[in-house]
Structure formats: C-alpha cells, structure tokens
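Bear in mind these aren't lab numbers, they're just calculated from the coordinates by the rules spelled out. If you're wondering where the values come from, they're calculated on a predicted model, not measured in any experiment. Backbone-built Cβ (ideal geometry, glycine too); neighbour counts: all protein chains shown.
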Amino acid sequence: MASAEQISVFDILKIGIGPSSSHTMGPWRAIQRFLRELQEHHSLGEIVALQVHLYGSLAKTGKGHGTDKAILLSLIGEEPETIETQTIASKIDQIKIQKKISLLSKHPIPFDPAVDVVFHPQEVLPYHPNGMKVIAHLSHRQEWERTYYSVGGGFVVKEGEETTAIQSASLPFPCHQPQDLLSHCMATGHSIAQLVWENETVWRKPDAIRKNLLEIWEVMKDCVYRGCHTKGTLPGGLQTVRRAPHMHEKLIRDKHYQNANEWIHSIRQATYNFQETLKWISCFALAVNEENAAFGRVVTAPTNGAAGVIPAVLLYDLCFCQKEVDEERIIRFLLVCGEIGSYYKKGATISAAMGGCQAEIGVSSSMAAAALTENLGGSVAQALMAAEIAMEHHLGMTCDPVGGLVQIPCIERNSMGAIKAVTASQLALESNPQEAKVSLDKVIQVMWETAQDMNTKYKETSEGGLATNIPVSLPEC
C-alpha cells in the first residue's frame with residue numbers, strides 16, 4: 001500500500017555529485033544531519049575523535065560508489081550542489097596524507113580514513129541494506145552515536161523514524177497513488193503538470209518553482225554537454241573508455257558552437273535519420289552517466305545511477321519533436337517526472353539495494369515516458385499508461401555492478417532506459433488506456449513484490465550476475 005508521505009518534485013529531482021544517490025548522496029546528507037543534530041546539544045569543539053561504520057550494501061560496494069569520499073567531503077562542510085568537482089581528489093588526498101580532518105572546516109581532529117571509516121560487508125542493519133553508524137567521541141569520555149539509513153535517491157532515515165518525508169502541509173490535490181492523480185485530473189480538467197504545480201505552490205512561491213526547475217534543467221543540460229565533450233577513461237580501475245564523445249563527434253559532424261545552448265540549436269537545425277536519432281538519445285544518456293561515474297555534477301532523477309534517462313528523453317523532445325525550445329515544455333516535463341517518481345517512492349522503492357536496477361532505471365524510464373507523453377499531447381490516462389509500459393518492461397532487472405562501480409552495466413542501461421521510455425510513450429499515444437489490462441498502480445505493486453522476492457546478491461551487492469562473471473582486478477580505493 002502506498003504511504004501517505006508528502007513528496008515534492010524537488011525531493012525526487014535534486015542536484016548532486018556522482019556516482020550514487022544512495023551510496024554517495026545519502027551518506028553525505030547523513031553526515032550533515034549528524035553534525036547538525038550534535039551541535040544542538042554539544043559544541044563542535046567537544047569532538048575529539050569520530051568514526052563512521054558502513055554496513056550491508058554501503059560496505060560491499062561503498063568504495064566503488066565513493067561512499068568514503070562523500071563522508072570526508074561532508075565532514076569538512078562541502079555541499080554537493082556547490083563543490084568544485086575538480087577539487088574533490090585533492091581534498092580527499094590531503095585528508096589521507098595528513099590523517100587529520102577539519103570538521104565543517106572549523107574544528108580539526110585526528111582522522112585516518114583507512115581506520116576511521118569502517119566497512120562491515122557481512123553485517124546488515126535491520127531496517128535497510130544501506131545502513132551506517134556515526135560515533136563522535138566527546139571530551140569527558142562521552143559519546144554521541146546515531147544510526148542512519150540511505151534509502152535511495154538521496155533520502156535518509158534516522159533509526160526510529162517512520163518516514164523520510166519532510167513536507168507537512170495540506171495539499172489541494174493529495175495523491176498517494178496514480179489513481180488519485182487520475183481522479184483529480186478528471187474532476188478538474190487539469191493536466192498532470194498543472195495539478196502538480198498547484199500542489200507545489202503549497203511549499204514554494206510560483207517564481208521559486210519555476211526558477212528551481214530551470215536550475216535543474218541547466219545542470220542536466222550542462223552535464224550532457226560536458227559528457228559529450230570529455231574524452232578519456234573513467235576512474236575506478238576498470239579502464240572504461242568514455243564512449244559519448246566519440247559518438248558525439250560522428251553525429252555533430254562539422255557544426256560550430258560555443259556553449260550548450262548553441263550546441264542544442266545546432267542539433268535542432270540538422271536533419272537526422274531514424275538510426276541517427278536513436279544514437280543521439282543513447283549519446284545523451286551515456287554522456288550523463290559517464291560524468292556521474294567520474295564524480296561529476298548531475299541531477300538525481302530519481303537516483304544518480306539512473307540520472308541519464310530523463311535528460312536524454314527531454315533533449316530528444318526538445319531537439320527532435322518541437323519547433324522551438326520552450327521553457328514551459330521543460331518545466332512541464334520535469335513536473336510530470338517528479339510526480340511519477342514520487343509514486344514509486346511511496347508505493348515501492350527507488351533503492352537498488354532494496355529492489356535491484358528496476359528501482360533505478362525502471363523508475364526513471366517510467367518517469368520520462370509519462371513526461372514525454374504529456375509533452376506530445378497525450379491525455380493524463382495515456383501518460384500514466386506510458387509510465388506503466390516503461391516499468392513493465394524493466395520488472396526484475398538486477399543491480400550487478402562490476403567491481404562495485406557504476407560503470408558496467410549501469411551506463412549502458414541509461415541508454416536502454418531512455419529508448420524504452422520513448423517507445424513506451426509512442427505505444428501509449430497510439431493506444432486507448434481504457435483497453436489496458438495493467439494499470440500503473442498495479443505495476444508499482446508488482447515492482448515492489450518483485451523487489452521483495454529478488455535474491456539479495458542481485459541488489460547492488462556485486463555478489464551476483466555480471467559482477468561475479470566478469471573477471472576484473474581493481475586497485476584498492
């Protein structure tokens with residue numbers, strides 16, 4: 001049954017740093033919360049030592065997913081939205097060499113990451129596979145200890161809490177499941193985006209909603225642009241070669257441009273055949289997740305591992321389906337994406353450690369399919385149908401990252417998820433939703449049942465599937 005928590009579009013779509021929302025962004029936020037709560041009872045200067053213990057999936061794939069790095073950056077007070085990504089490596093190296101860390105860049109304490117960030121791969125805490133304990137040793141031999149769970153998409157729950165929801169307000173159109181959305185839209189005549197906008201105005205002023213959504217789009221656009229123009233291999237030891245720049249060179253041909261906006265304009269002015277259009281969609285998605293794997297700035301949508309699907313489908317809409325690049329279309333697209341993603345958060349999971357890759361790529365594909373359908377003139381029922389079709393064909397997808405890195409098969413899966421979203425949208429636009437046999441409500445329920453039945457080794461532990469059948473030799477992180 002869907003939970004009654006209230007989730008904003010901006011809870012589902014968040015600006016952050018790669019490579020993982022649950023393994024990077026979640027621990028980052030947990031440390032921030034720990035320090036904030038500690039300072040409500042003690043001064044930062046009372047801390048004489050600190051340890052972080054990681055359990056379950058956070059321990060098994062934490063190094064490959066940058067969990068330890070995120071913890072260090074959070075401890076020194078960096079913010080994922082604003083940190084200069086090119087400085088990350090030097091900041092981490094400095095802490096490792098000095099074996100000292102300055103909490104919030106104010107209070108230095110001894111800290112050796114090799115000793116004070118402790119991995120417990122064989123121990124799983126009861127609430128969720130992504131568990132972590134933070135212990136601060138205070139003066140006078142006191143300790144301040146808290147346990148947190150990174151439950152997917154950057155959401156964090158403290159032990160003893162029942163929900164991650166931070167919103168508390170009376171919404172004009174409360175929607176706990178897709179059927180609620182459909183009922184409200186039928187009663188009011190609103191599109192999905194119009195109804196979601198009305199709900200969002202409870203939390204933010206209209207100007208802020210617009211501004212924040214366009215900021216999210218700017219990060220998406222810049223991420224795709226960087227990924228299409230950055231060659232080389234990805235960090236982590238697999239020596240994975242970036243493919244987006246090579247695809248891009250062939251597709252862009254001899255076009256001239258100086259920035260991302262001019263680049264989009266040049267794509268729109270050219271004529272491409274069907275195969276080339278498919279390649280562009282794949283290129284957009286690969287570009288984002290190659291950036292994500294390199295600790296670049298991305299938009300969690302609804303996770304980092306699936307961050308490429310939504311910008312790829314949105315760019316497909318803007319470059320190949322429309323006469324003009326229209327900010328209203330971008331805003332509408334993102335509003336629909338956020339709303340559809342919230343239903344998976346409420347009724348199932350967006351954590352690969354809980355549900356496998358269906359909870360990441362499947363959800364993002366479902367979000368993008370609904371948004372594209374509404375932008376192409378589909379009805380509310382057709383948009384929900386598109387979301388259902390996209391998830392239906394991701395059910396059971398495992399999470400089996402080779403080497404514990406978000407590279408193989410994660411990057412390619414974003415390309416596949418984007419293509420499936422476009423296909424799902426086209427099918428829905430040519431269909432009568434009243435004749436559908438499966439609803440979005442039902443497919444979310446089935447997705448959750450599938451997640452519960454799935455063997456743990458296929459849930460972001462790197463203990464099954466491709467992760468154990470592709471021989472690799474990785475250096476210690």
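Would you give the gap between the C-alpha center of the range 405-477 and the C-alpha center of the range 3-30, rounded to a whole Å?
The distance from the Cα centre of the range 405-477 to that of the range 3-30 comes to 19 Å.
Find which of 450, 187, 236 sits farthest along the positive direction of the dipole of the chain, computed with +1 on the beta-carbon of Lys and Arg, -1 on that of Asp and Glu, about the Cα centre.
236
As a footprinting exposure proxy, order 402, 325 by other Cβ within 10 Å, with the fewest listed first.
Ranking 402, 325 by Cβ neighbours within 10 Å, fewest first, gives 325, 402.
Taking every pair of alpha-carbon atoms in the range 10-83, give the share separated by more than 18 Å as a whole percent.
41
Using the 10 angstrom Cβ neighbour count as an exposure proxy, how do 96, 63 rank, fewest first?
By the 10 Å Cβ count, ascending: 96, 63.
Give the residue from 28, 8, 38 lying farthest towards the positive end of the charge dipole for the range 1-43; charges sit on Cβ (+1 for Lys and Arg, -1 for Asp and Glu) and the dipole is referred to the Cα centre.
Looking along the dipole axis, the top candidate is 28.
What translational diffusion coefficient, to the nearest whole µm²/s, does the range 174-234 have by Stokes-Einstein, given a Kirkwood radius computed over alpha-carbon pairs, a temperature of 4 °C and 1.567 mPa s viscosity?
So the translational diffusion coefficient is about 91 µm²/s.
Mean shadow of the range 20-158, computed from the convex hull of its alpha carbons, in nm²?
Value for the range 20-158: 7.9 nm².
Once the Cα atoms of the chain are picked out, what are the Rg and Dmax in Å?
21.7, 72
Report, by chain and number, residues whose modeled amide H sits under 5 Å from the one on residue 101, excluding near sequence neighbours (fewer than 5 apart, same chain).
109, 111
Residue farthest toward the positive end of the dipole of the range 178-469, with Cβ of Lys/Arg at +1 and Asp/Glu at -1: which of 383, 201, 304?
304
What 222 nm value per residue comes from the helices of the chain, counting each DSSP H run with n ≥ 4 as -39,500 (n - 2.57) and dividing by all residues, nearest 500 deg cm²/dmol?
-14500 deg cm²/dmol
How big is the dipole moment of the range 60-175 about its Cα centre under a simple scheme where the beta carbon of each Lys and Arg is +1, that of each Asp and Glu is -1, and everything else is neutral? Debye, nearest 20, please.
Computed charge dipole of the range 60-175: roughly 320 debye.
Let me have the relative contact order for the range 345-465, percent, based on Cα pairs under 8 Å that are six or more residues apart.
Averaging sequence separation for qualifying contacts and normalising by length gives 39 percent for the range 345-465.
Nothing charged except the Cβ atoms of Lys and Arg (+1) and of Asp and Glu (-1): what's the magnitude of the dipole of the chain about its Cα centre? Round to the nearest 20 debye.
With Lys and Arg at +1 and Asp and Glu at -1, about 900 debye.
Note down the net charge around residue 342, summing +1 for each Lys or Arg and -1 for each Asp or Glu among other residues with Cβ under 12 Å from its Cβ.
That works out to -3.
What is the distance in Å between the Cα centres of the range 200-267 and the range 302-375?
So the separation of the two Cα centres works out to 16 Å.
Kindly flag which residue pairs out of 255/279; 221/279; 211/323; 60/459; 69/106; 14/323 have an alpha-carbon separation exceeding 21 Å in this structure.
Long pairs (Cα-Cα over 21 Å): 211/323; 14/323.
In terms of the Cα gyration tensor, with a ≥ b ≥ c the square roots of its eigenvalues, is the range 99-226 rounded because a/c is under 1.5, prolate because a/b exceeds b/c, or oblate?
Verdict is prolate for the range 99-226.
Using the C-alpha gyration tensor of the range 261-402, what are the square roots of 5 times its eigenvalues, in whole angstrom, with the largest one first?
Working from the Cα gyration tensor, I get semi-axes of 24, 19, 13 Å.
So for 280, 203, fewest C-beta neighbours within 10 Å to most, what's the order?
Starting with the residue having the fewest Cβ neighbours, the order is 203, 280.
Before anything else, pin down the relative contact order of the chain: Cα pairs under 8 Å, at least 6 apart, normalised by residue count, whole percent.
Rounded, it is 20 percent for the chain.
Classify the range 407-449 as rounded, prolate or oblate, taking a ≥ b ≥ c as the square roots of the eigenvalues of its Cα gyration tensor: rounded when a/c is under 1.5, otherwise prolate if a/b is larger than b/c and oblate if not.
Taking the square roots of the gyration eigenvalues as a ≥ b ≥ c, the range 407-449 is oblate.
Just to check I understand the Karplus step: with θ = phi - 60° and J = 6.51 cos²θ - 1.76 cosθ + 1.60, what whole-Hz values come out for the range 286-300, glycine and proline as x?
Each residue's phi maps through the Karplus curve to give 4, 4, 5, 7, 6, 5, 4, 5, 9, 6, x, 7, 9, 9, 4 Hz.
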